[in-house]
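Q: For reference, the structure I am asking about is given below.
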Amino acid sequence: MFVKIEPRPEPSKTMRYLSPLIAAFLMLVSGVILFTFLGKNPIAAFHAFFIEPVNDLYGIGELFIKAAPLMLIGTGLSIGFRAGIWNIGAEGQLAIGALFGGYIAIIFHNSTGFFVLPLMVLAGALGGCVWASIPAFLKTVFNANETLVTLMLNYVAILLLALLVHGPLKDPDGYGFPQSILFGDSAMLPILMEGTRLHLGVLLVLAGVVIGWIFLMKSFAGYQIQVAGLAQKAASYAGFQYKKLIWTGLLAGGVTAGIAGVFEIAGPIGQLLPSVSPGYGYAAIIVAFVGRLHPGGIILSSLLMALLYLGGESGQMNLDLPSAVTGVFQGLLLFYLLATDFLIYYRLRINARHREVI
């Protein structure tokens with residue numbers, strides 16, 4: 001007796017959109033079980049992890065601050081993913097974007113001009129674009145695997161940022177700590193709401209998500225990307241230039257990740273540090289797929305992922321939970337999403353009994 005896997009003749013479109021909700025529910029159930037095994041009261045742990053972080057205005061502001069880079073990066077990555085271009089390098093592109101933008105803030109530290117912040121954003125976009133162009137070039141010229149190249153470049157970018165912050169960009173009056181000088185007011189994003197850290201970057205990110213939706217759903221280039229992702233041979237037959245789409249997909253992710261890096265250092269951080277991201281570039285991959293590569297879904301999934309970050313911090317402070325618990329929840333969410341997606345397109349049969357199991 002053995003299990004046979006066979007494709008479903010007509011995968012359910014309804015379940016395709018419900019599966020992220022099912023995956024999130026299963027993640028929560030698994031979390032309750034996990035809290036129990038750790039010796040914590042499941043109800044108290046659930047409250048501390050998912051309710052307490054957003055039970056006031058300040059917490060809601062923090063939720064959107066955490067969600068903003070995930071939204072922006074997830075939107076950029078979804079453009080490449082829809083074309084079948086697997087950019088796993090958003091973490092490194094974010095770091096380089098922060099480095100480029102932070103260097104502008106350091107150069108114009110004493111300036112009060114309004115141009116500093118826009119120049120930082122442009123520099124960050126350029127930095128992310130430059131870093132993403134490396135795998136794009138290697139892919140289109142040498143057919144290098146973009147997944148491996150973008151992944152490896154993450155380590156190069158993060159170590160390069162750490163090297164410069166420990167060296168030339170280190171604050172000479174920082175008592176030896178590896179950090180840059182604090183940015184001036186002209187290099188900081190304005191606060192939108194008193195009593196919170198909610199900044200202008202959140203609104204700009206939402207505008208960026210709308211632009212991403214218009215590009216994907218309403219432009220001819222977006223149509224080409226979607227066709228190439230569904231059937232590359234058909235796209236080539238129609239005259240679409242796949243190499244151009246590779247550049248578009250990778251650079252879209254690089255630009256959005258670079259801008260997200262600038263918003264981090266010009267928002268909640270306020271300076272360059274050896275690490276400016278708790279893993280947003282990797283988490284945004286989960287966000288993109290939980291959101292079904294659609295900007296609207298990405299907004300919702302980024303809020304969920306941001307809540308996991310806040311819940312992890314709250315769990316550490318209030319329940320003495322390990323810091324790895326956030327990564328565990330992220331992994332569970334992705335695992336259940338992949339499992340439910342598999343069952344949408346395939347079913348299992350036990351051949352010995354000739355009956356369907358799932």
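Laboratory data are not the source of any read-out in this text; all were calculated from the coordinates shown. Only a predicted model underlies this, so the values are computations on that prediction, with no experimental measurement involved. Please note: Cβ atoms are built from the backbone with ideal geometry, for glycine as well, and neighbour counts cover all protein chains shown.
Q: I need ILE259, ILE225, ILE211, ILE104 ordered by Cβ neighbour count within 10 Å, fewest first.
A: So the residues, fewest neighbours to most, are ILE211, ILE104, ILE225, ILE259.
Q: Around SER219, with a cut-off of 15 angstrom between Cβ atoms, what is the net charge of the other residues, counting Lys and Arg +1 and Asp and Glu -1?
A: Its environment carries a net charge of +3.
Q: A further question on this structure: Once the Cα gyration tensor of the stretch 41-320 is found, what semi-axes does its equivalent ellipsoid get, as square roots of 5 times the eigenvalues, in whole Å, sorted largest first?
A: With the √(5λ) rule applied to the stretch 41-320, the semi-axes are 31, 24, 17 Å.
Q: For helix 90-107, what angle does its Cα long axis make with the longest principal axis of the chain, in degrees from 0 to 90 and rounded to 10?
A: That works out to roughly 10 degrees.
Q: Using only the alpha-carbon atoms, how far is helix 146-166 inclined from the longest principal axis of the chain? Give it as 0 to 90 degrees, nearest 10.
A: With rounding to tens, the tilt is 20 degrees.
Q: Please give the contour-minus-distance gain from MET317 to LEU348: 0.36 nm per residue of separation, less the Cα-Cα distance, rounded to one decimal in nm.
A: 6.8 nm
Q: Related question: Give me the one-decimal Kirkwood hydrodynamic radius in Å for the stretch 71-118, with the sum taken over alpha-carbon pairs.
A: One decimal place: 12.7 Å for the Kirkwood radius.
Q: Sort VAL202, VAL3, VAL130, VAL276 by Cβ crowding within 10 Å, fewest neighbours at the top.
A: VAL3, VAL130, VAL202, VAL276
Q: Given the -39500 (n - 2.57) contribution per DSSP H run of 4+ residues, what per-residue ellipticity at 222 nm results for the chain, rounded to the nearest 500 deg cm²/dmol?
A: -22500 deg cm²/dmol
Q: Mind telling me which of LEU18, LEU319, LEU348 comes out most flexible in a GNM of the chain, alpha-carbon contacts under 10 Å?
A: It is LEU348.
Q: Can I ask one more? Using a cut-off of 20 Å between alpha-carbon atoms, which aspartates and glutamates can reach LYS40, once sequence neighbours fewer than 8 places away in the same chain are excluded?
A: Cross-link targets: GLU52, GLU313, ASP320.
Q: Using the Cβ atoms and a cut-off under 13 Å, what net charge is assigned to the surroundings of LEU250, where Lys and Arg are +1 and Asp and Glu are -1?
A: +3
Q: Within the set LYS139/LYS233; LYS66/LYS244; LYS66/LYS170; LYS13/LYS243; LYS13/LYS244; LYS13/LYS233, which residue pairs have Cα atoms separated by over 28 Å?
A: Beyond 28 Å between Cα atoms: LYS66/LYS244; LYS13/LYS243; LYS13/LYS244.
Q: Over the chain, calculate the relative contact order: mean separation of alpha carbon pairs under 8 Å at least 6 apart, over the residue count, as a percent.
A: RCO, the chain: 35 percent.
Q: A further question on this structure: With everything on Cα atoms, drop me the angle between helix 295-319 and the longest principal axis of the chain, reported from 0 to 90° to the nearest 10.
A: That helix lies at roughly 70 degrees to the long axis.
Q: Here is a follow-up. Just round it to a whole percent: the fraction of Cα-Cα distances in the stretch 1-67 exceeding 18 Å.
A: Here the long-distance tail beyond 18 Å is 63 percent of all Cα pairs in the stretch 1-67.
Q: Please compute the Kirkwood hydrodynamic radius over the stretch 122-207, one decimal place, Å, based on all pairs of different Cα atoms.
A: 16.2 Å
Q: To continue, here is another question. Could you identify which residue out of GLY127, GLY184, GLY261 has the top mean-square fluctuation in a GNM of the chain using Cα springs shorter than 10 Å?
A: GLY184
Q: Please return the longest stretch of the chain lacking exposed loop sites, where chymotrypsin sites (Phe, Trp or Tyr not before Pro) count only if DSSP places them in a loop and at most 10 other Cβ atoms lie within 10 Å.
A: 176-358
Q: While we're on this one: At what distance in angstrom do the alpha carbon centres of the stretch 237-303 and the stretch 176-195 lie from each other?
A: Computed from Cα coordinates, the inter-centre distance equals 23 Å.
Q: Which residue fluctuates the most in the chain, going by a Gaussian network model with Cα springs under 10 Å, if the choices are VAL121, VAL156, VAL255?
A: VAL156
Q: For LEU148 and PHE335 in the same chain, what is the full-extension length gain: residue separation times 0.36 nm, less their Cα-Cα distance, in nm?
A: Using 0.36 nm per residue and subtracting the Cα-Cα distance, I get 65.2 nm.
Q: Please give me the summed charge of the neighbours of VAL287: other residues whose Cβ is under 14 Å from its Cβ, Lys and Arg +1, Asp and Glu -1.
A: Cβ neighbours under 14 Å give a net charge of +1.
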